[in-house]
Amino acid sequence: MDFNKKTTLFRLIIISSVLMIGNGIRTKDKMYENIDASKACFRRLNATHQIGCTSERGGSTGAIHFCASQSDLDFIIKNGTAPPYVPIIPTNLFTSENIARLKKTPKISGLLVYPSESPLQHFTHEQQCPNPASSLPGSCKATNVWNPHGTGLLYHDIPFPVFYVESVESLTFAKECFEKYNNFSFGGQRDRSLCSLQLLSFMYAATNSSTCIRRSNAFTNLNPVRFCDPLGDQNVWAALYPLVKGANLTEPNRNAKYIIVGARLDTTSMFDKTAGAVSPVTGLVALLATAKLLKEMTTNDNNYEKNVLFVIFNGETYDYIGSQRFVYELLRGKFPAKSGDYLPEITIDDIDLFVELSQLNWTETVVAHYLNKPSDFLLKLYANKGGLNLDEASDGLPPGSLHTFLKNRTELPSLILTDHRNGYLNNFYNSIYDNATNLNYVYLNLSKSSDSVVGDNIQKHIQNVSTMLAKSLYSEITSKSYFGEKIADLQFIDELFYCYLEDSNCRVHQAIQKLELRQQPLSLYIGVELAPHFITTLVGLTLGWVTGDVVGEGNANCTNEPKNYALRYYNMSQSLDDLNTTLCYRITMNFTEAVSPAFIIDGYDWSSGQYSTWTESTWGDIKLRIFLKPSAAHENMTIAIGSIVFIFSLIFVYFVKSRSHILFAPQLPTLAPTNC
Amino acid sequence: MTLVEFFGCTFLAFGPPFAMFVFTIAHDPVRIIILIAAAFFWLVSLLLSSLWWYIVVPLRQDLAFGVVFSVFFQETFRYIIYKILRKAENGLKKITDDSTQLIENKHILAYVSGLGFGIISGAFSLVNILADAVGPGTMGLKGGNEMFFLTSAATGLCFTLLHTFWGVIFFNALDNSNKCYVGVVVVSHLLSSCITLLNFKVGPAGTLIPLYFNLVLMGLMAYRVAGGSYASFKSCITFK
């Protein structure tokens, strides 16, 4: 028996510090089983509310109740006799009705969610009208909401900790423990030890962003504590043509007009894991493929009238953080950074057209949503649509970065390309299930030579959309139609999906940089500005690669080219089929801050609702562990035995001490040595 | 909340030594010093045991090896502290208030140093376990059973008291050059320590019963050695 081994071990501590040097096993290791706790639900705050989950300080504990169906959950809420409980439920029970019930009952101290075996019809915890406060008023009608299955749970304040657990071993352990200790004679649960869970995810921030920022900035002691951090990252942008001209490329190219092609980079989910296949990856891939094709079309053609800015906005899920900051800088003449002496100042009025690529799942029709009809450009899209069905809709604009631009310049000609006319066709918007399966994506692993792909698939659909868009943009900037044979690169599209959905150590990422990445998708959650964000850098380099100009062979001198605010030089692979041959690329890609202006304006009025105010709480440990909670009877017995022995020994020793002169007869000093 | 368990086990393991300390040691500074000195010597024996264990690499996995040598180290240090105390007697006479009692009744020094050994060994065997008992859980999830903390505390208490009794018997035996009693102490110590190795097989009750049997035996022996008898016991409880 293992237990006895432990007793022996601890008897042996008497001998030495053996255990510390030897194997370092502690009693704790026998009592607690740590399970995978990487996907917690945590707290975020805005100007008015706190949302998300938190445990108690030091962790919430409760007896495990493993639920396979709704009836199991109902049973424990109704009949549980030894609260608090921690139900472990499949994702299909994670509904707003159930959460509302769990919030109401005092019997629940936490919740674990595991992947349901049966496929789900829908799973989206975004609101039915995403970003209601920062979108244009009237763009989401009660009769026609954009996210019809949205439960809005993402924006609820849940008073108990919630974790998503995928690890099969952890779940099996929990289930076996539940069967062994808990899952019988529920009436007598109070009288026996129960298999329990401790959920630790205590969130330091509370109330709202302004409160926690104020508390974080209060220098009341020498060791200030941060309670929350603004959500933030970087936007990625690149210009089709450099913003500078002249022989040395040092003279700003002023008074140009621009077309912005935008997409978003981020998604979110209830738990600390994102998927984001339909939103944002489809739009992102379409943008990158368009940029690549357009660059190929215009490589030897400097006869342009307008420039194209490809902008990938970050933090759009949380009240358009990226586009708000972008527009904030446009309006103040701060875009691009260092504009003025070295670069042209771009203002919002320099934008002739705004095209946003939103969710573009493989559907029959691509829908162009607009408020200010860009008639010319629409005609060009129709002319270049090839095999696609193109439709238009002008009754309400779906959520997107365009809202921020239109708020600041109402007559901006613009459109959003999506796969839906009314509500989202994506039933898993902003959730862990918006994955490759939701997109019906299968990796084709193409090489350049084998371009013949049988059948239709999402890759071909994106290829068609990108080709249509790139051709239309070509005629928009050069005022002539494109008669070439070039179409969007299917291999590139296929690889990009693979990068963002399955394996970040993919060929595209190997082509643009040298780091070996982990063989899993990177998180698309915006995160806080202090933490590093690999995905943003990688997307930026990819955009730079496809829009860059080759200036020579790849070598160490490349990165030593004269520094310039408009241009950067990188060694990158020649093509996806030839990763080892590097060339020197001159790229126009750059990053801009994607932190809400609310956090950089002094004395910002938090109640104004003008800018995104989302912050994320800080936390200490995030931990999940299974243990055996002793019954009250056992605890009482232990304390009773201890106390009785203690009190009795006090009396006994006092008695012996006071009568020791009688008890122990004085010894004769001349006692002779005795023998055995 | 097993703060409850924590306090229960603490009271069980350290309650009796605490009572002994309060009523028999605390009033005399010299006794406190000797108690601490004994505890220090026990720690030195622990250090040497662990060094020895560390040096003999091939036998590191064998608990029995460590146990046996640790017993010998402890008994050696009991002998060393005996020698030192006997040498220090003259000095102690000068600084203590009730020199007559402390020096005349040689069992007091033996008892105090034995308790010093016992308290520190009890503390070292239990502190880690008690520290882990504060969390929300108890033993039994991965093998073992709920009684673990209680039986560990009981074992710890048993060894604290055994050390006290061994101290009394051992010192007296050396005073009287009674090699037989010295042997009894060493054998008893070896036996009790090795019994705990059987925790694997016979369960907590199986080791606690022989341990406490040994404790009673040693207690009676120490009582005899210190001058107690059935007659004095009778006169003690009948208040004559």
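Do you know which residues across segment A:546-557 are over 20 Å from A:Ala337 (Cα atoms) and assigned to a helix (DSSP H, G or I)?
A:Val546
In this structure, is A:Val550 at pLDDT 95 or above and of a type in the set (A, V, I, L, M)?
So A:Val550 does not fit the description; no.
Would you confirm, using the coordinates I've provided, whether A:Arg44 is within 26 Å of A:Trp619 (Cβ to Cβ) and loosely packed, with under 14 Cβ neighbours inside 10 Å?
no
Which ones in segment A:151-168 are over 18 Å from the mean Cα position of the chain (by Cα) and closer than 22 Å to A:Asn426 by Cα?
Matches in segment A:151-168: A:Thr151 only.
Quick check on this structure: which one of B:Phe23, B:Phe65, B:Phe72, B:Phe11 is within 13 Å of chain A (Cβ to nearest Cβ), within 16 Å of the chain's Cα centre (by Cα) and either of a type outside the set (Gly, Ala, Ser) or outside any helix (DSSP H, G or I) (or both)?
B:Phe72
Quick one: which residue in A:Leu515, A:Leu543 is of a type outside the set (D, E, K, R), in the same structural domain as A:Ile432 (by TED's automatic domain parsing), in contact with a helix residue (DSSP H, G or I) (Cβ under 9 Å, 6 or more places away or on another chain) and assigned to a helix (DSSP H, G or I)?
A:Leu543
Just need a number here: residues in segment A:369-412 that are touching a Phe, Trp or Tyr at 6+ places or on another chain (Cβ under 8 Å) and of a type in the set (Ser, Thr, Tyr).
Of the residues in that region, 3 qualify.
Just the residues that are charged (D, E, K, R) and surrounded by 14 or more Cβ atoms within 10 Å (Cβ to Cβ), please, taken from segment A:548-576.
Listed by number, the residues that qualify are A:Asp549, A:Glu561, A:Arg568.
Find the residue count for segment A:284-336, including only residues that are within 24 Å of A:Gln491 (Cα to Cα) and small (Gly, Ala, Ser).
Total meeting the criteria: 3.
Tally the residues that are of a type in the set (Ser, Thr, Tyr) and either in contact with a Phe, Trp or Tyr (Cβ under 6 Å, 6 or more places away or on another chain) or more than 22 Å from A:Tyr611 (Cβ to Cβ) (or both), restricting the search to segment A:323-338.
Residues flagged as of a type in the set (Ser, Thr, Tyr) and either in contact with a Phe, Trp or Tyr (Cβ under 6 Å, 6 or more places away or on another chain) or more than 22 Å from A:Tyr611 (Cβ to Cβ) (or both) within segment A:323-338 amount to 1.
Can you list residue pairs whose Cβ atoms sit under 7 Å apart, with the first residue in segment A:560-577 being more than 27 Å from A:Pro344 (Cβ to Cβ) and the second being surrounded by fewer than 17 Cβ atoms within 10 Å (Cβ to Cβ) and among the aliphatic types (A, V, I, L, M)? Count only pairs 6 or more apart in sequence or on different chains.
Once the first residue is more than 27 Å from A:Pro344 (Cβ to Cβ) and sits in segment A:560-577, its partners that are surrounded by fewer than 17 Cβ atoms within 10 Å (Cβ to Cβ) and among the aliphatic types (A, V, I, L, M) give A:Ser573/A:Leu579.
For segment B:52-62, indicate whether the set of residues that are modelled with pLDDT of 90 or more and either more than 9 Å from chain A (Cβ to nearest Cβ) or not in a helix (DSSP H, G or I) (or both) is non-empty.
yes
Residue-wise test of (1) surrounded by 24 or more Cβ atoms within 10 Å (Cβ to Cβ); (2) of a type in the set (Lys, Arg); (3) more than 30 Å from the chain's Cα centre (by Cα).
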site: A:Gln324; (1), (2), (3): yes, no, no
site: A:Leu330; (1), (2), (3): no, no, no
site: A:Asp341; (1), (2), (3): no, no, yes
site: A:Thr347; (1), (2), (3): no, no, yes
site: A:Leu357; (1), (2), (3): yes, no, no
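Which residues, counting only those in segment B:116-169, are within 22 Å of B:Val216 (Cβ to Cβ), of a type in the set (S, T, N, Q) and crowded, with 24+ Cβ neighbours inside 10 Å?
Matches in segment B:116-169: B:Ser121, B:Ser125, B:Ser152, B:Thr155, B:Thr160, B:Thr164.
Just checking: which of the strands (runs of 3 or more DSSP E) contained wholly in segment A:558-668 hold 1 or more residues that are within 14 Å of another protein chain (Cβ to nearest Cβ)?
The qualifying strands (runs of 3 or more DSSP E) are A:623-629.
The values are calculated or read from the model by the stated rules, or taken from the named source; none is laboratory data. This is a predicted model, so every value here is computed, not measured. Please note: Cβ atoms are built from the backbone with ideal geometry, for glycine as well, and neighbour counts cover all protein chains shown.
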